[in-house]
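Nothing in this text is a laboratory measurement; each read-out follows from the coordinates by a stated rule. What you see is a predicted model; the values in this text were computed from it and never measured. Backbone-built Cβ (ideal geometry, glycine too); neighbour counts: all protein chains shown.
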Amino acid sequence: MSKKITELVSGAEQAPALYLNLLKKSLTNTFFVEEPDVDQESQAQFVQGFVQHYIQGAAITMLPMARLNNIQNAVEDTINNDIPGDLVETGVWRGGATMFMRAILKAYGVQGKDVWVADSFEGLPEPDPESRPIEAKAHSGKVMKDVYKKFAVDIDEVKRNFQAYDLLDERVHFLKGWFKDTLKDAPIDKLSIMRLDGDYYESTRDALVGLYDRLSIGGYVIIDDYGEAGWTYCKQAVDEFRDERKIDDELVKVDSKCYYWKRTKA
Ligand SMILES: C[S@@+](CC[C@H](N)C(=O)[O-])C[C@H]1O[C@@H](n2cnc3c(N)ncnc32)[C@H](O)[C@@H]1O
């Protein structure tokens, strides 16, 4: 005789993985189309694909699949090793990466970890042309202003995205404003994951200075733009901070742009 559903679900260990895989495809809008290849040689072709797929398309994160897998591996590692602390992303655009963080915690029934969604919700800040000339040039360019719209997404749209996926609950907190004003005094006790995706030097530095001291040993710092040498000084901000704090934890490559390290020392 065939098994009843109640008997089948007792062996449903695969359900979280099935849900998370489906979710990654939905958030990246890759059910029927391929994502742009971040490592392709032609920058012009990449930008064209990026605009079509993310800016004009329905993707809810502009992270490629490899970076969502990286988030998943990091969060799962911190759960498996009982690393205390909440999860934060600084720079969320439409919210997809933070939605995915909440979904991982929900899928495994993890209690006691919150997700912090930090953004101006009005796009990238104006870089100083004197000290940050290549950022200022990119920022005032036509593509950034007219096509990317400085990556501005209204907070209500981000909340709607969370809501649409049944991920908006009391465990999700929004920190609206510039990082220099919101992060330092944010009511976050400890962090296990800090994912920095604010693109620019100041945004990266403000996030490191504002949050790193709260990162647990065994927690992760993920830097989305470490390899984006052509239009940001993100790498410089990270390298300077690591030097100042004498951090020598290995920087691990996710793809040509995104890197992370796992904190091993106080
Ligand atoms: C590249 S997008 C983030 C992409 C996002 N992580 C995703 O999953 O698609 C950069 C975001 O950083 C925000 N941002 C950058 N610098 C900021 C700052 N200093 N303060 C607040 N928000 C900032 C922008 O508003 C924008 O939403």
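Results, tabulated for the structure shown:
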| read-out | value |
| --- | --- |
| Modelled FRET efficiency - R0 30 Å, LYS150 with GLN52, Cβ distances, 0.05 increments | 0.95 |
| Region 153-242: GluC sites (Glu not before Pro) falling in loop per DSSP and having at most 10 other Cβ within 10 Å | GLU170 |
| Extension gain, ASP37 back to ILE134 (0.36 nm per residue minus Cα-Cα distance, nm) | 32.6 nm |
| Quotient of Cα Rg and 2.2 N^0.38 Å for region 21-137, N being how many residues it contains | 1.22 |
| Fewest-first ranking of LYS113, LYS145, using other Cβ atoms within 10 Å as the exposure measure | LYS145, LYS113 |
| Between 0 and 90°, nearest 10: helix 65-80 axis offset from the chain longest Cα axis | 60 |
| Cβ-based exposure ranking for LYS190, LYS235, in which fewest neighbours within 10 Å come first | LYS190, LYS235 |
| The chain: angle of helix 96-107 to the longest principal axis, Cα-based, in degrees nearest 10 | 30 |
| ASN81-LYS246 pseudo-label distance in nm [points 7 Å out on the Cα-to-Cβ vector] | 2.2 |
| In region 205-266, lysine pairs with alpha-carbon atoms under 14 angstrom apart (chain gap of 8 or more, or interchain) | 4 |
| Nearest 10 degrees, 0 to 90: helix 155-164 Cα axis against the chain principal axis | 20 |
| Two-decimal log10 I(q)/I(0) for the chain, as the Debye equation yields it once each C-alpha is a single scatterer, q = 0.08, 0.10 Å⁻¹ | -0.32, -0.49 |
| Computed E for ALA44/LYS142 - FRET, C-beta separation, R0 22 angstrom, nearest 0.05 | 0.95 |
| The chain: antiparallel DSSP beta bridges as a percent of all, rounded to 5 | 25 |
| At R0 = 41 Å, FRET efficiency that the Cβ-Cβ distance of TRP231 and ILE5 yields, to 0.05 | 0.20 |
